[in-house]
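Read the structure below first, then the notes.
The values are calculated or read from the model by the stated rules, or taken from the named source; none is laboratory data. Values in this document were obtained by computation on a predicted structure and should not be read as measured data. Cβ placement follows ideal geometry from the backbone for every residue including glycine, while neighbour counts extend to all protein chains displayed. Protein only, heavy atoms only, side chains kept; ligands, DNA and RNA dropped before computing areas. Shrake-Rupley method; radii C 1.70, N 1.55, O 1.52, S 1.80 Å.
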Amino acid sequence: KHPGPYAAENAFDGNLGNLQATNGYNGPPTGLEWLRVDLEQEYTIAAIKIYNRRHPSPDVGKRINGASLFVSNDQKFLSKQLCAIINEITTPDEAETFICSSMLKGRFVRVEQMRNIINLHEVIVFGK
């Protein structure tokens with residue numbers, strides 16, 4: 001959890017002006033970076049929308065490329081279901097919706113990225 005102006009809570013507060021960053025923001029990330037959203041109860045998840053970080057440098061916007069979106073009922077994600085892989089979001093300020101390959105049940109949604117920080121504006125989960 002990154003403290004202060006880049007807190008994890010910024011990724012699901014409904015404010016696109018806020019920014020979230022994982023701990024790798026403090027130095028070069030060397031392992032798995034992740035952001036978890038707790039939906040507070042189990043839902044059937046159909047899609048996840050990512051509002052990528054807005055930045056003048058296109059390289060900053062590409063940090064999210066290759067990240068995976070998972071759904072789980074286990075907050076440690078020892079058991080998880082893949083919703084989608086973010087192959088590419090080409091525009092830094094682009095929002096993109098990723099449709100899960102099947103309807104997934106879970107309380108938690110996690111964005112995972114190897115060796116790159118997760119730095120975005122918002123995560124919105126669609127389901128029932």
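Restricting the stretch 37-77 to residues that are in contact with a strand residue (DSSP E or B) (Cβ under 7 Å, 6 or more places away or on another chain) and of a type in the set (Ser, Thr, Tyr), the residue that is most open to solvent (accessible area, probe 1.4 Å) is Tyr43.
Tally the residues that are β-branched (Val, Ile, Thr), over 12 Å from the mean Cα position of the chain (by Cα) and open to solvent by 10 Å² or more (accessible area, probe 1.4 Å), restricting the search to the stretch 88-108. Adding up the residues that qualify gives 3. Here Glu122 clears all of (1) within 20 Å of Glu9 (Cα to Cα); (2) buried (at least 21 other Cβ atoms within 10 Å of the Cβ); (3) touching a helix residue (DSSP H, G or I) at 6+ places or on another chain (Cβ under 7 Å) except the condition numbered (2).
Scanning the stretch 7-36 for residues that are of a type in the set (S, T, N, Q), modelled with pLDDT under 80 and open to solvent by 50 Å² or more (accessible area, probe 1.4 Å) yields Asn23, Asn26, Thr30.
With respect to Val111, determine if the residue is open to solvent by less than 50 Å² (accessible area, probe 1.4 Å), touching a helix residue (DSSP H, G or I) at 6+ places or on another chain (Cβ under 6 Å) and in a strand (DSSP E or B).
Spelling it out, it is not the case that Val111 is open to solvent by less than 50 Å² (accessible area, probe 1.4 Å), touching a helix residue (DSSP H, G or I) at 6+ places or on another chain (Cβ under 6 Å) and in a strand (DSSP E or B).
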